[in-house]
């Protein structure tokens with residue numbers, strides 16, 4: 001009995017000592033100084049917003065060497081390249097003729113500083129004045145009209161103002177786009193031109209230049225060249241000494257022909273491209289440049305083309321020295 005009591009007493013004392021040791025270790029653990037230090041806070045970069053819009057009134061922002069699509073500056077549109085034959089002839093007799101309507105299809109054009117135009121087909125009159133903006137009408141010409149197989153040709157006989165414009169139709173006979181041939185056919189200008197229908201879908205164009213005898217040319221419109229996917233690539237649009245961190249295509253106004261599509265891409269170096277949807281932000285880890293690209297997938301219809309009419313981008317920049325410091329530096333340089 002005496003030994004049992006001693007054993008119980010020993011076990012009780014051992015439990016008390018063990019419990020005390022656990023409490024001491026636990027308190028020491030919680031009171032131990034954290035020597036790792038606080039976590040370093042991640043400070044977000046201060047970004048400055050920028051924007052860019054190209055209305056395609058000139059080619060200064062287009063890398064023409066890397067682009068297979070064509071910018072038709074007079075109509076402010078990017079399309080597949082136009083194809084045509086243009087050859088001088090001495091065998092075709094040029095004569096004046098009257099041009100009429102094409103059955104139930106009618107085209108009306110009223111020339112002012114910006115033209116007004118309407119196309120009536122199947123009893124519906126549609127406003128197509130968008131094809132006669134300042135780029136086309138800046139010459140202030142008096143329009144005349146010839147009906148082709150799948151296009152209308154608008155020309156001017158006004159002295160010193162040669163114009164030959166095509167309005168092409170979609171597969172349903174509606175006017176879908178325009179292309180101005182003037183700069184390509186008359187790069188040196190002309191004092192006067194006259195246009196009439198020839199045979200085989202050709203037009204006869206009589207060209208007069210000051211001090212020269214009139215010359216007659218055959219013009220055969222062959223639609224658009226659609227050999228593979230067409231592409232237009234921009235030049236670098238970021239002119240600031242800053243890193244491009246984010247960008248998006250905010251708007252891209254385009255006409256899509258049946259069976260055709262346009263895909264858009266962004267890049268910070270012009271080599272690695274990210275496909276984007278309109279309005280979708282993309283991020284860049286490095287790079288102080290910004291490029292956009294559009295790929296136009298063709299259909300088998302060679303007489304109509306999709307058209308890109310303008311593009312608008314938004315982007316966010318990081319100025320390593322701060323945007324305010326950049327502005328102060330620019331101010332100081334301008335005052336010198």
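The values are calculated or read from the model by the stated rules, or taken from the named source; none is laboratory data. As the structure is a prediction and not an experimental result, all values here were calculated from the model. In this analysis, Cβ positions are derived from the backbone assuming ideal geometry, glycine residues included, and neighbour counts consider all displayed protein chains.
Worth pointing out:
- Residue count, the range 268-296 (criterion: within 16 Å of the chain's Cα centre (by Cα) and surrounded by 16 or more Cβ atoms within 10 Å (Cβ to Cβ)): 10
Matching residues to (1) in the same structural domain as residue 130 (by TED's automatic domain parsing); (2) touching a residue at least 40 places away in the same chain (Cβ under 8 Å); (3) under 19 Å from residue 176 (Cβ atoms); (4) in contact with a strand residue (DSSP E or B) (Cβ under 6 Å, 6 or more places away or on another chain):
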site	(1), (2), (3), (4)
233	no, yes, no, yes
245	no, yes, no, yes
252	no, yes, yes, yes
258	no, yes, yes, no
262	no, yes, yes, yes
277	no, no, no, no
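- Per-region count, the range 251-265, residues surrounded by fewer than 16 Cβ atoms within 10 Å (Cβ to Cβ) and within 26 Å of residue 286 (Cβ to Cβ): 1
- Just one of (1) in the same structural domain as residue 88 (by TED's automatic domain parsing); (2) farther than 21 Å from residue 111 by Cα fails for residue 237. It is (1).
- Hits in the range 186-196 - residues which are touching a strand residue (DSSP E or B) at 6+ places or on another chain (Cβ under 6 Å) and within 16 Å of residue 84 (Cα to Cα): 195
- Filter result (out of contact with any strand residue (DSSP E or B) (no Cβ under 6 Å at 6 or more places or on another chain) and within 16 Å of residue 105 (Cα to Cα)) within the range 128-175: 148, 149, 171, 172, 174
- Residue match in the range 299-308 (condition: outside any loop (DSSP other than H, G, I, E, B) and within 24 Å of residue 265 (Cα to Cα)): yes
- Among the candidates 200, 223, 189, residue that is surrounded by fewer than 20 Cβ atoms within 10 Å (Cβ to Cβ) and farther than 30 Å from residue 298 by Cβ: 189
- Conditions (1) more than 22 Å from residue 130 (Cβ to Cβ); (2) surrounded by fewer than 19 Cβ atoms within 10 Å (Cβ to Cβ); (3) modelled with pLDDT of 95 or more: number failed by residue 247: (2)
- Restricting the range 203-216 to residues that are more than 26 Å from residue 149 (Cβ to Cβ) and touching a strand residue (DSSP E or B) at 6+ places or on another chain (Cβ under 6 Å), the residue that is surrounded by the most Cβ atoms within 10 Å (Cβ to Cβ): 208
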